[in-house]
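Peer 1: This is the structure, below, for whatever I ask next.
The values are calculated or read from the model by the stated rules, or taken from the named source; none is laboratory data. It should be emphasised that the depicted structure is a prediction, and the values quoted were computed from it without experimental measurement. Note that we place each Cβ from the backbone using ideal geometry, even for glycine, and neighbour counts take in every protein chain shown. The accessibility values were calculated without ligands, DNA or RNA, using every heavy atom of the protein model including side chains. Shrake-Rupley method; radii C 1.70, N 1.55, O 1.52, S 1.80 Å.
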Amino acid sequence: MEQDKWKEELERIAPELISELKVKKEPDKGLPELDINGKLVMRFAPNPNGPATLGSARGIIVNSEYTKKYNGKFIIRFDDTDPVTKRPMLEAYYWYIEDCEWLGAKPDEVVIASDRMEKYYEVARQLIEKEAAYVCFCGQGTFKELKDAKKSCPHREQGVGKNLMFWDKMLAGGYNEQEAVLRIKTDIVHKDPAMRDWGAFRIIKTPHPRKEVGDKYCVWPLLDFEGAVEDHLLGVTHIIRGKDLMDSESRQKYIYRYLGWTYPKTLHWGRVKVHEFGKFSTSGLKKAIADGTYSGWDDPRVPTLRALKRRGILPEAIRKFIIDLGLSETDISLSLDSLYAENRKIIDPIANRYFFVWKPVVMSIEGKEHTVARAPIHPVGGGVREIPVQNTVLVCRDDAEKLNAGDKLRLKDLYNIEITGTSPLTAKFIGTGMELVKKDKAGIIHWAPPDGVKVRVLSPGGEYEGVGEAGIVNEKDSVVQFERFGFVRIDSVDDVVVAYFTHR
RNA sequence: GCUCCGAUAGUGUAGCAGGCCAAUCAUUCUGGCCUUUCAAGCCAGUGACCCGGGUUCAAAUCCCGGUCGGAGCACCA
């Protein structure tokens, strides 16, 4: 074949290159290298209108991971410049920081946009003076029509003097909402309609939820403006964010050009969908919590970091999971299986084992009075847990339904029995040896003493109620495994033990 | 409508300045071993370069067209 001829040819003319062909290319692991000169400064910029979700985790982890790797600076900046549509939630400022720390991404600096309004006003004034911004009085619809027709609005060329006057009047509260807006002058005939003279400030008379701010301002910057100015003021060198903000970059660059600033290097990732959570938005969750669909921001069915934490998902597992996603611009639709697998790897070696019987059915046993079961706390760890047993035990209904009179099986870590009746469920003791299991391949089921503790397990798929062995009450806040059920985090141990399901 | 991205197994990902690729790793699934849990561990297996052209001795990799998916054109972030 032709394909092989080049090799012979190369052999003849440059045999020293042949060895080079055999060199394997090194596969790139983890995050790609960044192109850096000077100190790396990165930021994660959420709107605190709700707690951090799994989506936020990507922004937190990737940005902080890079700043750790290159010894840079990691800033968290709250883009809280919309007191109405995406109204900030006061607790969320604190929650975000707490979640960052939990994830091992303690910010080096925390910035709140609503504290820095004067700086934005100052830049706006500079732009007006450079004839790069103007106060526009067109209604929303009117402007859109003009823009779509590539026509400039009458206010575009009204002159610096008038613009300054109008701007001052805006700041002083001299206009109503919707009446005036400050626009950045770009290129009204730009082929991409998204670039044409975009809005930078609008009037909002609703007070900001932060007490420090309140009704101090009635002119608020839009994200493209606030973000552009902040990234420059904070000295951000690299921005990594969702690709939905790609167009923002082109818009923001007009400001950078007008003011002679250097735009940070950017990298983007695609849209993320998580099978297990379906479509969700912070505002949607907020509503579902308010109407009682979910019990709160840490309901096990909700995709917040607080919920994952409560379920016993460890931050290291989340970090690994996120970093393995890489930085592709492809839209992804992922399942949490990998996250659970990572978490299981960490938890399985250390989680204590317990019996929990869901949908319990009573089984009475003849031929053996009082005994104490000695079960290993962990299959490879040291200790044992002792469970006193009289002549009845509880077993799962799912197991009970498969049993017939005459069946022989083993109660795990206890003894062997033979079923003597199914309604009610009765059995007789037939020995303690392991031969029944090893030779006769009898099944093994787990069980619980009737005087054990009541247990409720809250899982994303619903609730389980049943009885567990008494030792569970000593495991508050730890992640344990309920044998043949899955891992759970023991959340509270009052009259009933409440456990949050982690994963299988 | 206009504009901008992207496309490798079920899922995520590596490779993408052309030959090391009958394509990496992880997870899922299947089978086996091990095990007093249907967990974990160990071994094995199934499974992918969106389609069509072009350039080239050689294309997952470069070019063009199409399809599909996503995003922007907000007085949201």
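Peer 1: Hey, with R₀ at 25 Å, roughly what FRET efficiency would A:T262 and A:K68 work out to, going by the Cβ-Cβ distance, to 0.05?
Peer 2: 0.55
Peer 1: Quote the Stokes-Einstein diffusion coefficient, in whole µm² s⁻¹, for the range A:133-219, based on the Kirkwood radius over alpha carbon pairs, a temperature of 10 °C and a viscosity of 1.306 mPa s.
Peer 2: Values: Rh = 13.8 Å.
My calculation gives 115 µm²/s for D.
Peer 1: Turning to a different aspect of this structure: Can you give me the % of accessible surface on chain A that is carbon or sulfur? Probe 1.4 Å, all protein chains present, nothing else counted. Mind showing how you got there, number by number?
Peer 2: Details: 12580 of 24970 Å².
Using a 1.4 Å probe with all protein chains present, chain A comes out at 50 percent carbon and sulfur.
Peer 1: In chain A, what % of DSSP beta bridges are antiparallel (nearest 5)?
Peer 2: Working: 53 of 82 bridges.
Bridges in chain A are about 65 percent antiparallel.
Peer 1: For each pair in A:K86/A:K150; A:K408/A:K441; A:K86/A:K191; A:K39/A:K130; A:K185/A:K243, compute the distance between the two Cα atoms and list the pairs where it is over 20 Å.
Peer 2: Flagged as over cut-off: A:K86/A:K150; A:K86/A:K191; A:K39/A:K130; A:K185/A:K243.
Peer 1: Just the accessible area per residue of the range A:133-219, please: how many Å² with a 1.4 Å probe?
Peer 2: Numbers: 4340 Å² over 87 residues.
That works out to 50 Å² for each residue.
Peer 1: Rounded to the nearest 500, what is the 222 nm mean residue ellipticity of chain A from helices alone, with -39500 (n - 2.57) per DSSP H run of 4+ residues and division by all residues?
Peer 2: Taking each H run of at least 4 residues, the total per residue is -8500 deg cm²/dmol.
Peer 1: State in Å² the accessible area per residue of the range A:307-395; use a 1.4 Å probe, count heavy atoms of protein chains only, and round to the nearest integer.
Peer 2: Per residue, the range A:307-395 has an accessible area of 46 Å².
Peer 1: Could you tell me the relative contact order of the range A:133-219? Use alpha-carbon pairs under 8 Å, at least six residues apart, and round to a whole percent.
Peer 2: On the way: 124 pairs, mean separation 25.1, N = 87.
Computed value for the range A:133-219: 29 percent relative contact order.
Peer 1: Here's a follow-up. If you keep only loop residues by DSSP, which trypsin sites (Lys or Arg not before Pro) in the range A:241-303 have at most 12 other Cβ atoms within 10 Å of their Cβ? Write out the running numbers ahead of the final one.
Peer 2: On the way: sites: A:R241, A:K243, A:R251, A:K253, A:R257, A:K265, A:R271, A:K273, A:K279, A:K286, A:K287, A:R301; in loops: A:R271, A:K279, A:R301.
Passing sites in the range A:241-303 are A:K279.
Peer 1: Additional query: What are the aspartates and glutamates whose alpha-carbon lies under 16 Å from the alpha-carbon of A:K279, with same-chain residues fewer than 8 places away excluded?
Peer 2: The reachable aspartates and glutamates, counting only those whose Cα sits under 16 Å from A:K279, are A:D331.
Peer 1: Taking the alpha-carbon centroid of each part, what is the distance from the range A:95-174 to the range A:389-441 in angstrom?
Peer 2: That distance is 74 Å.
Peer 1: Related question: When the distances between all Cα atoms of the range A:353-503 are binned every 5 Å from zero, what whole-number percent does each bin get?
Peer 2: Result returned by the calculation: 2, 10, 19, 22, 20, 14, 9, 4, 0.
Peer 1: What FRET efficiency comes out for A:M165 versus A:D215 if R0 is 30 angstrom and r is the Cβ-Cβ distance? Round to the nearest 0.05.
Peer 2: Details: r = 23 Å, r/R0 = 0.78.
Approximately 0.80, to the nearest 0.05.
Peer 1: Quick one: which residues, 5+ away or cross-chain, put their amide H under 5 Å from the amide H of A:N49? H built at 1.01 Å from N.
Peer 2: Long-range HN contacts for A:N49: A:M89.
Peer 1: If the reach is capped at under 16 angstrom between alpha carbons, list the aspartates and glutamates near A:K287, excluding any in the same chain fewer than eight residues apart.
Peer 2: Of all the aspartates and glutamates, those that pass the test against A:K287 - Cα under 16 Å, at least 8 places apart if same chain - are A:D298, A:D299.
Peer 1: Output wanted: per-residue J couplings in Hz (rounded whole) for the range A:474-483, from phi through Karplus 6.51 cos²θ - 1.76 cosθ + 1.60, θ = phi - 60°, x for Gly and Pro.
Peer 2: After applying 6.51 cos²θ - 1.76 cosθ + 1.60, I find 8, 10, 3, 6, 9, 9, 10, 10, 8, 4 Hz.
Peer 1: Taking the Cα centre as origin and putting +1 on Lys and Arg beta-carbons and -1 on Asp and Glu beta-carbons, what dipole magnitude results for the range A:133-219, to the nearest 20 debye?
Peer 2: Numbers: 16 positive and 11 negative charges, 18 e Å.
So the magnitude is around 80 debye.
Peer 1: Can I ask one more? Say a paramagnetic label sat at a point 7 Å from the Cα of A:Q126, along Cα to Cβ; which residues of the range A:243-259 have their backbone N under 20 Å from it?
Peer 2: A:249-259
Peer 1: Could you state, as a whole-number percent, how many of the C-alpha pairs of chain A are farther apart than 39 Å? Walk me through the intermediate numbers first.
Peer 2: Details: 59228 of 126756 pairs.
Of all Cα-Cα distances in chain A, 47 percent exceed 39 Å.
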